[in-house]
Amino acid sequence: MKKILILLFFTIALASCSSGSDSDSSSSTGVLLTKIVLESESGTRTTTYVYNGNKMNTISNGSTVSYFYYSGNLVSNIESFYNNQLMSVFTFDYNNAGKLVQSKLESFSNDLVIRDTFIYNDDNTISVNEYGTFEGGPETLQTQKYFLDSEGEIIRIEKNDGSGTAVSLYTYDTKNNPFKNVLGFDKLFNIMSLGIKHNTVTTLETDFDGSTISSTEKKIIYNAQDYPVTMQYEGASSIEHYYY
């Protein structure tokens with residue numbers, strides 16, 4: 001459920017920017033993504049990104065709109081609406097060094113609350129305690145550990161539920177992530193499923209019993225500035241077009 005809500009924000013601009021896969025736009029704010037057009041067998045879907053300078057303002061996708069709020073240069077809240085009805089709220093807390101120490105997701109459509117706390121270890125890992133309640137039920141706890149590379153990208157996630165360990169493995173390209181220049185997004189490592197500085201190219205997920213849940217690989221085409229212009233999962237008929 002949490003993954004679905006996260007994708008609502010990030011896989012669902014400056015008004016003067018031109019559009020088109022072959023055109024690039026940059027200014028003092030740097031390259032900013034203005035929209036993603038998803039072409040699939042069921043039709044075309046467009047997600048639009050609007051900014052205030054380098055700060056994300058809104059992400060809209062048809063009837064769904066997410067509003068971003070900042071405290072200084074850090075994202076403090078994200079509110080998502082569907083047909084003008086508030087559906088979910090993300091809240092983020094940081095320490096004095098600007099590191100994310102807690103995130104809280106409240107989903108009002110199904111009375112879901114997920115609260116994550118983060119402890120930064122000396123070995124370039126992050127220990128996570130995830131507390132969840134669903135439809136007023138008892139609170140559950142799942143412990144996780146994020147393993148980071150030298151650039152802060154998550155390359156491995158281990159999740160423990162007492163019965164075993166589920167593992168997610170990620171590899172990245174060396175190119176630019178579409179959200180690279182958006183203020184505060186580099187702090188939101190736990191919800192940036194597309195990467196922070198670079199782009200995920202392979203993902204392997206195994207369940208608590210060691211069985212494979214999914215294995216995916218992306219084919220990415222880049223523009224002259226090394227930003228993606230198309231992304232497609234291997235074997236999939238749908239394709240995403242990126243505009244800056």
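The values are calculated or read from the model by the stated rules, or taken from the named source; none is laboratory data. None of these values were measured; they are calculated from a predicted model. Because the Cβ atoms are built from the backbone with ideal geometry, glycine has one as well, and the counts that use them run over all protein chains shown. When the accessible area is computed, the model is the full protein with side chains, heavy atoms only, and any ligands, DNA or RNA have been set aside. Shrake-Rupley method; radii C 1.70, N 1.55, O 1.52, S 1.80 Å.
Here are the numbers for this structure:
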| quantity | calculated |
| --- | --- |
| Count - residues of segment 207-228 that are under 18 Å from the mean Cα position of the chain (by Cα) and either open to solvent by less than 90 Å² (accessible area, probe 1.4 Å) or under 27 Å from ASP161 (Cα atoms) (or both) | 5 |
| Test: ASP116 is acidic (Asp, Glu) and either in contact with an Asp or Glu (Cβ under 7 Å, 6 or more places away or on another chain) or over 25 Å from PHE68 (Cβ atoms) (or both) | yes |
| Criterion (in a strand (DSSP E or B) and more than 25 Å from VAL101 (Cβ to Cβ)) met by exactly one of THR174, THR202 | THR202 |
| Residue that is at pLDDT 95 or above and out of contact with any strand residue (DSSP E or B) (no Cβ under 7 Å at 6 or more places or on another chain), where the choices are ASN52, ASN95 | ASN52 |
| Count - residues of segment 118-134 that are part of a strand (DSSP E or B), open to solvent by 20 Å² or more (accessible area, probe 1.4 Å) and farther than 15 Å from ILE191 by Cβ | 7 |
| Single condition SER214 does not satisfy, out of (1) part of a loop (DSSP other than H, G, I, E, B); (2) at pLDDT below 95 | (1) |
| Out of SER103, SER107, sole residue that is modelled with pLDDT under 95 and on the phi < 0 side of the Ramachandran plot | SER107 |
| Residues being open to solvent by less than 40 Å² (accessible area, probe 1.4 Å) and under 18 Å from LYS55 (Cα atoms) - total across segment 79-88 | 1 |
| Residue satisfying all of: in segment 229-240; more than 17 Å from the chain's Cα centre (by Cα) and farther than 16 Å from GLU41 by Cβ; surrounded by the fewest Cβ atoms within 10 Å (Cβ to Cβ) among these | GLU234 |
| Whichever residue in segment 135-157 is over 18 Å from the mean Cα position of the chain (by Cα) and under 26 Å from GLY210 (Cβ atoms) and, among such residues, is surrounded by the most Cβ atoms within 10 Å (Cβ to Cβ) | GLN142 |
| Search result, residues across segment 185-199 that are out of contact with any Ser or Thr (no Cβ under 9 Å at 6 or more places or on another chain), part of a loop (DSSP other than H, G, I, E, B) and open to solvent by less than 30 Å² (accessible area, probe 1.4 Å) | PHE189, MET192, GLY195, ILE196, ASN199 |
| Residue that is nearest to the chain's Cα centre (by Cα) [pool: residues in segment 105-117 that are over 20 Å from ASN160 (Cα atoms) and open to solvent by 50 Å² or more (accessible area, probe 1.4 Å)] | GLU106 |
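A quick yes/no check of all residues on (1) in a strand (DSSP E or B); (2) open to solvent by 40 Å² or more (accessible area, probe 1.4 Å); (3) closer than 20 Å to TYR244 by Cα; (4) at pLDDT below 95:
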{"site": "SER23", "(1), (2), (3), (4)": "no, no, yes, yes"}
{"site": "SER26", "(1), (2), (3), (4)": "no, yes, yes, yes"}
{"site": "LEU33", "(1), (2), (3), (4)": "no, no, yes, no"}
{"site": "VAL37", "(1), (2), (3), (4)": "yes, no, yes, no"}
{"site": "TYR69", "(1), (2), (3), (4)": "yes, yes, no, no"}
{"site": "ASN77", "(1), (2), (3), (4)": "yes, yes, no, no"}
